[in-house]
């Protein structure tokens with residue numbers, strides 16, 4: 001057994017056991033203490049700041065201490081580069097621990113009731129209790145009561161519950177049947193519930209649906225616990241393949257997120273978790289593979305070939321999900337290496353918007369998917385926009401939590417900010433990142449090449465690093481400008497390549513549909529100002545919120561919709577930008593302003 005010591009996270013009210021030799025961040029991951037680690041613990045982003053209030057530590061690298069700090073015992077250090085030697089008391093920086101307040105579960109029509117044709121059917125039966133003269137086994141009596149042809153096989157887990165359920169419910173049951181298989185039994189008349197999950201890189205949104213009325217009973221979103229292993233997909237892929245048991249840690253984190261959402265949602269509507277008879281999940285290709293514990297090493301290098309793209313149905317218990325004993329999880333199909341079932345769900349939910357016009361659908365995130373629809377064809381690609389739009393790899397970046405600067409404007413010659421919660425600002429979230437770049441460019445504090453210009457109020461040199469001071473604790477640095485330039489250039493260049501492939505000019509785009517949590521709060525004018533979007537009339541843009549969540553709810557409600565989703569996925573012609581020799585030139589051409 002490895003030697004142990006105690007770490008007390010003073011401002012979080014948690015005390016945990018740490019193994020000697022592990023870093024503070026590794027201990028926090030293992031014990032469920034939330035500390036943001038955008039770079040996955042490589043010591044490059046500075047998002048996991050902590051202060052050691054007492055105890056002895058070892059710095060893995062000297063630069064674990066901030067450049068402006070000289071004494072690690074009393075100043076901010078990076079949790080991923082600090083190993084406790086003795087019991088320690090640790091304070092976690094506000095922006096590293098702030099609870100997220102904006103986890104997008106909303107869509108264009110969050111309360112919509114979608115057409116119902118569920119794949120699971122429920123049958124109420126009454127067996128009349130045991131009879132001395134009747135010695136037929138319980139299962140045979142149940143199958144006979146259901147009627148010939150209703151069920152021709154039974155899940156073993158379901159069979160194990162049948163005798164107890166019969167005795168506990170006066171021989172009256174509700175049997176759940178899926179494609180001729182009895183997947184579970186419950187009390188007579190029990191509500192038939194389904195769970196739709198949008199398993200995103202940053203957020204996980206879930207929707208509890210009544211499969212008899214189609215009504216959304218409850219919805220909830222949480223931060224994906226995998227963010228502790230890295231904000232972007234490639235960092236997580238590297239953790240899975242380079243770290244012993246890394247793939248198990250990531251798979252377990254995804255299952256934990258879905259399980260906790262299911263439990264909380266069922267508790268909210270006073271239903272047992274085993275009332276969930278069907279689950280539908282959409283995810284990008286990497287998240288899909290991590291959930292299924294499929295190999296991901298091939299997704300970390302060109303040509304980014306997935307293990308599979310087809311829609312899958314797997315037993316919930318095989319993934320470690322405790323729902324109805326024999327319940328299945330339906331995973332929407334992928335399109336390619338970094339275009340997954342979440343984008344298919346987005347296309348499904350927005351089809352009415354793009355079916356008869358030249359339209360671009362963009363889902364912005366750490367990985368941004370873009371589809372161009374023109375004359376019945378769909379060309380799809382993905383761009384590595386990185387975590388900058390989620391506040392990752394930004395010196396003062398944070399998630400959309402209290403204290404985050406969310407809006408920045410240049411008004412009457414001044415830079416003005418809005419802060420979530422109307423409190424003292426401690427960081428900058430994604431929407432603020434776009435705004436600050438647009439505002440500083442408008443104020444000519446940033447030039448066309450993206451350099452911060454000296455001689456302006458608020459601009460300072462901090463240990464050789466030029467930055468603009470937004471608030472006493474929040475600066476936007478030259479490195480931050482470069483990170484956003486790279487992200488916005490990747491998205492715009494991806495769109496350029498789609499247009500070039502279709503032989504179209506920007507002016508041909510009739511509609512731009514912007515989906516996703518970040519896209520919901522994005523200021524379109526700011527995005528156009530920095531060159532992330534083409535300068536089209538504002539009325540051509542539509543922000544639809546979490547369309548992937550709406551799409552996966554549609555798939556949960558109907559087997560026919562699942563088939564249509566698979567058809568949509570096969571219609572998409574995947575354009576792999578990494579294989580295009582002209583992409584790099586297009587990318588470099590979009591970095592400036």
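With coordinates expressed along the principal axes, the C-alpha atoms belonging to segment 387-483 extend over 32, 30, 22 Å, beginning with the largest. Here r is the Cβ-Cβ distance between residue 116 and residue 243 and R0 is 35 Å; the resulting FRET efficiency, rounded to 0.05, is 0.20. Using C-alpha pairs below 8 Å separated by at least 6 residues, the relative contact order for the chain is 14 percent. Relative to the longest principal axis of the Cα atoms of the chain, the long axis of helix 547-557 makes an angle of roughly 10 degrees. Axis of helix 430-442 versus longest Cα principal axis of the chain: the two differ by about 30°, to the nearest ten degrees.
With log10 I(q)/I(0) by the Debye sum over Cα atoms at q = 0.09 Å⁻¹ as the read-out, I listed (i) -1.13; (ii) -0.74; (iii) -0.89; which label goes with the value calculated from this structure? Comparing each candidate, only (ii) matches the computed number.
If you sort the three axes of the alpha carbon gyration tensor as a ≥ b ≥ c, you get a/c of 1.5 or more for segment 259-368 and a/b no higher than b/c, which makes it oblate.
With the helix formula -39500 (n - 2.57) applied to DSSP H stretches of n ≥ 4, the chain reaches a computed 222 nm mean residue ellipticity of -8500 deg cm²/dmol. With the cut-off at 1.5 for a/c, could you classify segment 497-578 from its C-alpha gyration tensor as rounded, prolate or oblate? It is oblate, given that a/c is not under 1.5 and a/b is not larger than b/c. Over 10 Å intervals from 0, what percent of Cα-Cα pairs in segment 4-97 sits in each interval? Spelled out per bin, shortest first, that is 19, 59, 21, 0.
Bridges between two residues of the chain, per DSSP, are antiparallel at a rate of about 70%. Principal axis analysis of the Cα atoms in segment 120-187 yields extents of 34, 22, 20 Å, listed in decreasing size. With Cα atoms as the point set, the radius of gyration and Dmax of segment 437-593 evaluate to 19.4, 63 Å.
Since every read-out is calculated from the coordinates, none of them should be taken as a lab result. None of these values were measured; they are calculated from a predicted model. Counting neighbours? That spans all protein chains shown, and the Cβs are built from the backbone with ideal geometry, glycine included.
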